[in-house]
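Enquirer: After the structure tokens below, expect a handful of questions from me.
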Amino acid sequence: MSEGLLALGIEDLGLKLSATNIADLELFLQEMGRWNRVHNLTAIEGEKDSIRLHLIDSIAVLPVLRQFLTGPSPKIADLGSGGGLPAIPIAIVQPEWQLSLIEAIRKKTAFLQHVRGKLKLKNIEVLCERVEDAAVHQPAQFDAVISRAFTSLARFLDLSLPFLKPDGLVFAMKAKRADDEMKGVSMEKWRLVADEPLHIPNLAVERRLLVLAPVRKSTLTL
């Protein structure tokens, strides 16, 4: 494992991570690589690409999340968590945050449960069910919903809404072309709170983190 490459990426992001954080991130990536050879969890192969596109891409959102999630123990739902991105890296670095990883494919949730035990991540739960079904069980329970390459923005917002508390936020990790996806979002239903560019060190691909809030209609009557 290239500790130097990972540490350099973290430094370029301006994040201060402990040696334990970095060791756990490396162990997570090692386990993903080991499982991926058998179960095909992700299409990205090769150490450098994995570090850049998995770990660093996932933790690049942390400065923005910290800006908006200021409560003592925010609850976050990661929809279509797949191999645990971005939720596992976030859970490693922010042990006081509570994360629910929702994934319908059993081989992927088996990996997530394995990592949860391997890294002793007490701040995550893994739900093996469709996002729509999970929303029925946990309505309006989350301060935030996040996803990385799960589905289109408009559909992601529709799926996120039932999970959110009244003041909850959606964090959508998108590429530069997100402008096209924004055209499909109803501004009567959603308000764009922030559009933050994400710099991924040594990677030419541009990333953005869109922060959106549902427009809550007043129920007061005269």
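Enquirer: Name every residue in the range 67-83 that is at pLDDT below 95 and surrounded by fewer than 19 Cβ atoms within 10 Å (Cβ to Cβ), in order of residue number.
Expert: Once the filter is applied, which keeps residues that are at pLDDT below 95 and surrounded by fewer than 19 Cβ atoms within 10 Å (Cβ to Cβ), the range 67-83 yields THR70, GLY71, PRO72.
Enquirer: Further question: When only residues in the range 84-93 that are more than 14 Å from ALA144 (Cβ to Cβ) and not aliphatic (A, V, I, L, M) count, which is surrounded by the fewest Cβ atoms within 10 Å (Cβ to Cβ)?
Expert: By that ranking, first place goes to PRO89.
Enquirer: Could I ask something else about it? Starting from residues that are in a loop (DSSP other than H, G, I, E, B) and more than 21 Å from LEU164 (Cβ to Cβ), keep the ones in the range 39-66 and report whichever is modelled with the highest pLDDT.
Expert: So the residue we want is ALA60.
Enquirer: Now for a separate question. Filter the range 94-115 down to residues that are assigned to a helix (DSSP H, G or I) and either buried (at least 20 other Cβ atoms within 10 Å of the Cβ) or hydroxyl-bearing (Ser, Thr, Tyr) (or both), then give me how many there are.
Expert: 5
Enquirer: Between a first residue in the range 104-129 that is under 14 Å from SER81 (Cα atoms) and a second residue that is surrounded by 15 or more Cβ atoms within 10 Å (Cβ to Cβ) and aromatic (Phe, Trp, Tyr), which pairs have beta carbons less than 7 Å apart while being 6 or more apart in sequence or on different chains?
Expert: What qualifies is PHE111/TRP35; VAL115/PHE28.
Enquirer: Another question about this same structure. Any residue in the range 132-152 that is within 10 Å of LEU79 (Cα to Cα) sitting within a Cβ distance under 8 Å of a residue that is loosely packed, with under 15 Cβ neighbours inside 10 Å and at pLDDT 95 or above? List the pairs, counting only those 6 or more apart or interchain.
Expert: Close Cβ pairs (under 8 Å, with a partner that is loosely packed, with under 15 Cβ neighbours inside 10 Å and at pLDDT 95 or above) do not exist here.
Enquirer: Would you mention how many residues in the range 168-180 are touching a residue at least 12 places away in the same chain (Cβ under 8 Å) and either out of contact with any strand residue (DSSP E or B) (no Cβ under 7 Å at 6 or more places or on another chain) or buried (at least 21 other Cβ atoms within 10 Å of the Cβ) (or both)?
Expert: Count: 7.
Enquirer: Taking only pairs six or more apart or across chains, which ones have beta-carbon atoms under 7 Å, a first residue in the range 79-94 that is touching a residue at least 40 places away in the same chain (Cβ under 8 Å) and farther than 15 Å from ILE56 by Cα, and a second residue that is among the hydroxyl-bearing types (Ser, Thr, Tyr) and buried (at least 23 other Cβ atoms within 10 Å of the Cβ)?
Expert: LEU79/SER147; LEU79/SER160; GLY80/SER147
Enquirer: Mind listing just one residue for me: the one in the range 121-161 that is closer than 21 Å to LEU41 by Cβ and part of a loop (DSSP other than H, G, I, E, B) and, of those, most open to solvent (accessible area, probe 1.4 Å)?
Expert: ARG130
Enquirer: Still on this model: Answer with yes or no whether GLY83 is assigned to a loop (DSSP other than H, G, I, E, B), under 14 Å from the mean Cα position of the chain (by Cα) and small (Gly, Ala, Ser).
Expert: So GLY83 passes the test.
The values are calculated or read from the model by the stated rules, or taken from the named source; none is laboratory data. Only a predicted model underlies this, so the values are computations on that prediction, with no experimental measurement involved. Positions of Cβ are generated from backbone atoms using ideal geometry, with glycine treated the same way; all protein chains shown enter the neighbour counts. Side chains are part of the model used for accessible areas, which takes the heavy atoms of the whole protein and leaves out ligands, DNA and RNA. Shrake-Rupley method; radii C 1.70, N 1.55, O 1.52, S 1.80 Å.
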